[in-house]
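A short write-up of the structure that comes next.
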Amino acid sequence: MTSVTVIGLGLMGKALAGAFVRAGHLTTVWNRTAGKKVEGARHAADVAAAVAASPLVVVCVVNNDAVRQVVEQAGSLEGKVLVNLTNGTPSQAREVAALVAELGGGYVDGGIMAVPQMIAGPGALVLYSGSEKAFTEHRATLEVLAEARFMGEDAGAAALYDLALLSGMYGMYGGIYHAFAMVRAAGGDVREFAPMLTAWLSAMMAGAPEAAGEVVSGDYATEVSSLAMNQVAFPNFVEASEELGLRPDVLLPIQRLIDRAVAAGHGGDSLTRLVEMIKE
Ligand code: FVH
């Protein structure tokens, strides 16, 4: 059983450390401020002691500045593998990889596709990228947390896919929240509405593979739903929302993309053409 150190005992760090403890790994933890505890783990006095305790060091703190501060306090990382599960950008991941390499360590970046309650349970996924040797060496330990999927040797790859997946989630939830706001403002029951919305979104999401095919081929011809038709319908969403006393903030960026696509002569194309408008 590999000894493992977890740095950062926020909601996620605690869940990670708890999972290692329950799986029988000798677990050392460190948190910036005192008081956060993980039963069954050893609590190190400082970052250097926490790093010295284990060959595998998992960092899960609030952001990249905090990661850099942790790494700067680590001392030598000779013989260590640092797995960074903090949310960040691909460029940040590559910069931390270089910093860790300068200190003699192996680096694996990660993107957690789970909430703390899902850790070590079904459906949890963590994306990894960076040193394949370091990942392979510690794969079995990391699999305690979640399914472990390696995305390649570019340290930024996991962050890229993490942010892409989360972008999909935020866009979807923005729509869900707006839909709830409309139903509630009209006096409806959002609990009754939720299953209807779930079924509708599931049906719409089933079209994602076909849309991906359009993006790859660049052929956005449609027999389903043209941008011109959507442009005509869209003001209804905005107007109805405003009549209900709601801000159309969630809807307006999509309307702007549709308007630009139609103005650029793509009115006959499918909505998937919007991928190109985002690129521009
Ligand atoms: N919670 C979630 O659902 C998501 C799921 C996907 C991944 N995210 C990312 O995980 C990182 C940590 O998230 P978290 O939920 O644990 O966040 P907090 O509960 O806010 O805890 C933050 C910890 O970071 C420590 N910290 C802050 N600044 C520093 C610093 N300069 N040096 C060292 N540690 C620092 C903070 O310590 P303290 O305030 O208790 O002293 C917490 O331990 C995050 O990237 C999510 O995007 C979570």
Within the stretch 200-238, of all residues that are closer than 20 Å to G265 by Cβ and within 29 Å of the chain's Cα centre (by Cα), the one surrounded by the most Cβ atoms within 10 Å (Cβ to Cβ) is Y220
If we ask which residues in the stretch 30-57 are under 19 Å from Q117 (Cα atoms) and not small (G, A, S), their number turns out to be 4
Those residues of the stretch 108-134 which are surrounded by 23 or more Cβ atoms within 10 Å (Cβ to Cβ) and away from the ligand (no atom under 14 Å from the Cβ) amount to V108, S129, G130
The number of residues in the stretch 59-107 that are crowded, with 23+ Cβ neighbours inside 10 Å, polar (S, T, N, Q) and in contact (Cβ under 8 Å) with a residue 60 or more places away in the chain is 1
Taking the stretch 3-17 and the residues there that are free of Cβ contacts under 8 Å to residues at least 60 places away in the same chain and assigned to a helix (DSSP H, G or I), the one that is farthest from the chain's Cα centre (by Cα) would be A17
Only unsatisfied item for G75, checking (1) at pLDDT below 95; (2) more than 16 Å from G105 (Cβ to Cβ), is (2)
*Do the conditions hold for M172, that is, is it surrounded by 12 or more Cβ atoms within 10 Å (Cβ to Cβ) and within 30 Å of I112 (Cβ to Cβ)?*
yes
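Does E242 meet the test of being of a type in the set (D, E), in contact (Cβ under 8 Å) with a residue 40 or more places away in the chain and not in a loop (DSSP other than H, G, I, E, B)?
Spelling it out, it is not the case that E242 is of a type in the set (D, E), in contact (Cβ under 8 Å) with a residue 40 or more places away in the chain and not in a loop (DSSP other than H, G, I, E, B).
Suppose the filter is within 20 Å of the chain's Cα centre (by Cα) and in a helix (DSSP H, G or I); does M172 pass it? Spell out the reasoning first.
Details: within 20 Å of the chain's Cα centre (by Cα): yes; in a helix (DSSP H, G or I): yes.
Against the criterion (within 20 Å of the chain's Cα centre (by Cα) and in a helix (DSSP H, G or I)), M172 qualifies.
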Looking across the stretch 18-72 at residues that are aliphatic (A, V, I, L, M) and assigned to a strand (DSSP E or B), the single one that is farthest from the ligand (Cβ to nearest atom) is L56
Exception for R273 within (1) surrounded by 14 or more Cβ atoms within 10 Å (Cβ to Cβ); (2) at pLDDT below 95 falls at (2)
Given the conditions (1) touching a residue at least 24 places away in the same chain (Cβ under 8 Å); (2) more than 25 Å from A140 (Cβ to Cβ); (3) surrounded by fewer than 16 Cβ atoms within 10 Å (Cβ to Cβ), every one holds for K36 apart from (3)
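The values are calculated or read from the model by the stated rules, or taken from the named source; none is laboratory data. Just so it is clear, the model here is predicted, and its values are computed rather than measured. Cβ: placed from backbone, ideal geometry, glycine included. Neighbour counts: every protein chain shown.
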